[in-house]
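Colleague: Submitted below is the structure of interest, expressed as structure tokens.
The values are calculated or read from the model by the stated rules, or taken from the named source; none is laboratory data. Predicted, not measured: the structure shown is a model, and the values here were computed from it. Cβ: placed from backbone, ideal geometry, glycine included. Neighbour counts: every protein chain shown.
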Amino acid sequence: MADSKSKFLELSKKFKILKRLYFFYNIYIRNFKFLKRVLFKIESALLNSCDKVSTISNAMMTKLASKTNTPSYLFANFIDTNSFRHKTTQHPYHTCLKKPHLLYSGNIGEKQDWELFARFCKIAEGKLNITIVGDGAMRTWVENQIEDIEGVFLKPPVPFDEVSSLLNSFDGHLLFQKNSIVDSVMPSKLLGMMLSQKPCFLTGNEDSETNKIITDSNGGIFMSNPNPNHMFEIIHSLLNNNKKAQKIGHNAKAYIETNFSEKKILSNFYNEFIKI
């Protein structure tokens, strides 16, 4: 890994100025139509002037293809898979109770479907434990919704060096995204969730990048516009089937190690970079 990084840095210093690699991340402008047209023209000129362009997901690659004929490259998100290889002590946020314990860890913001999450927590009361770890614009709203629900806990974010222990300690992971939002980019938190070798339960738009990852990996369950009662039955049943839960968790980890390891992604990018 160190060799790949050092080679990449060395190459960057020596790279000829007339060679250009552009990393594409979609432009979102809601107002100012004239400004929007100008910026898209600038973007188009920039993309067409490059030797190669790169972006972060399959959905973004499709968008990129509609904007330029310049050769493109998928430079996917990645994670240090070694950080999850060793057994870690159980994180103190995990309660030692005789019920399956689920985790949501990340931003408590507008993109997540917290209304569905709160309904799910109410249905799961007494049958599952659920811990939410994070902060964000919706934290106070979430706190008010769950304060009277038994077995649902809201905790502050943890330091980075505790993340692997946190993710490894729970029986499964939750990520409820709004169906109205089509994510062109896979949430980076999903890499750690899947690498923990625990089943992941997600909701969102069926056209999202997240759905593709879960479907391709067989590493979890993705539901679009779910009925919360039906969703609870599916999750509760799976968590009480250790053999099936372990199989799904194994699939999730193997998929991330194969496709999103830091070593593989950076090494492949370096090899692509030197061809320019």
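Colleague: Which one of these is within 15 Å of Asn107 (Cβ to Cβ) and in contact (Cβ under 8 Å) with a residue 24 or more places away in the chain: Phe201, Phe176, Phe170? Write out each step before concluding.
Modeller: Details: Phe201 fails: within 15 Å of Asn107 (Cβ to Cβ); Phe170 fails: within 15 Å of Asn107 (Cβ to Cβ).
Sole residue among the options that is within 15 Å of Asn107 (Cβ to Cβ) and in contact (Cβ under 8 Å) with a residue 24 or more places away in the chain: Phe176.
Colleague: If I ask for residues that are surrounded by fewer than 19 Cβ atoms within 10 Å (Cβ to Cβ) and polar (S, T, N, Q), which ones from the stretch 198-207 would you list?
Modeller: The one that is surrounded by fewer than 19 Cβ atoms within 10 Å (Cβ to Cβ) and polar (S, T, N, Q): Asn205.
Colleague: Only one residue in Val152, Val158, Val163, Val133 is of a type in the set (Val, Ile, Thr), at pLDDT below 95 and farther than 18 Å from Glu233 by Cβ. Which one?
Modeller: Val163
Colleague: Every residue in the stretch 111-128 that is in a loop (DSSP other than H, G, I, E, B) and touching a Lys or Arg at 6+ places or on another chain (Cβ under 8 Å), please.
Modeller: Answer for the stretch 111-128, where residues must be in a loop (DSSP other than H, G, I, E, B) and touching a Lys or Arg at 6+ places or on another chain (Cβ under 8 Å): Lys111, Asp113, Lys127, Leu128.
Colleague: Now a separate question. Just to be sure, is Thr89 in contact with a Phe, Trp or Tyr (Cβ under 8 Å, 6 or more places away or on another chain) and part of a loop (DSSP other than H, G, I, E, B)? Working first, answer last.
Modeller: Numbers: in contact with a Phe, Trp or Tyr (Cβ under 8 Å, 6 or more places away or on another chain): no; part of a loop (DSSP other than H, G, I, E, B): yes.
Taking the combined requirement at face value, the residue does not satisfy it.
Colleague: Being modelled with pLDDT under 60 and in contact with a Phe, Trp or Tyr (Cβ under 9 Å, 6 or more places away or on another chain) is true for just one of Ser54, Ser72, Ser4, Ser49. Which residue is that?
Modeller: Criteria check complete, one pass: Ser4.
Colleague: With (1) at pLDDT 95 or above; (2) in contact with a strand residue (DSSP E or B) (Cβ under 9 Å, 6 or more places away or on another chain) as the list, and Glu272 as the residue in question, which single condition is left unmet?
Modeller: Checking Glu272 against (1) at pLDDT 95 or above; (2) in contact with a strand residue (DSSP E or B) (Cβ under 9 Å, 6 or more places away or on another chain), the one that fails is (1).
Colleague: While we're here: Test Glu233 against the criterion of being at pLDDT below 95, in the same structural domain as Gly172 (by TED's automatic domain parsing) and charged (D, E, K, R), and give yes or no.
Modeller: no
Colleague: A further question follows. Test Lys243 against the stated conditions and say whether it is of a type in the set (Lys, Arg), over 24 Å from Thr81 (Cβ atoms) and modelled with pLDDT of 95 or more.
Modeller: yes
Colleague: Out of everything in the stretch 146-178 that is surrounded by 18 or more Cβ atoms within 10 Å (Cβ to Cβ) and in contact with a Gly (Cβ under 6 Å, 6 or more places away or on another chain), what residue ends up being farthest from Ala245 (Cα to Cα)?
Modeller: Among those residues, the one meeting the criterion is Gln177.
Colleague: With the requirement that a residue be more than 19 Å from Gln197 (Cα to Cα) and loosely packed, with under 13 Cβ neighbours inside 10 Å, what does the stretch 226-251 give you?
Modeller: If the condition is that a residue be more than 19 Å from Gln197 (Cα to Cα) and loosely packed, with under 13 Cβ neighbours inside 10 Å, then Asn227, Asn229, His230, Glu233 are the ones that fit.
Colleague: Let me ask you something else. What are the pairs, 6+ residues apart or on separate chains, where a residue within the stretch 208-220 that is within 9 Å of Ile248 (Cβ to Cβ) and surrounded by 24 or more Cβ atoms within 10 Å (Cβ to Cβ) has its Cβ under 7 Å from a residue that is β-branched (Val, Ile, Thr) and modelled with pLDDT of 95 or more?
Modeller: Pairs found: Gly219/Ile248; Gly220/Ile214; Gly220/Ile248.
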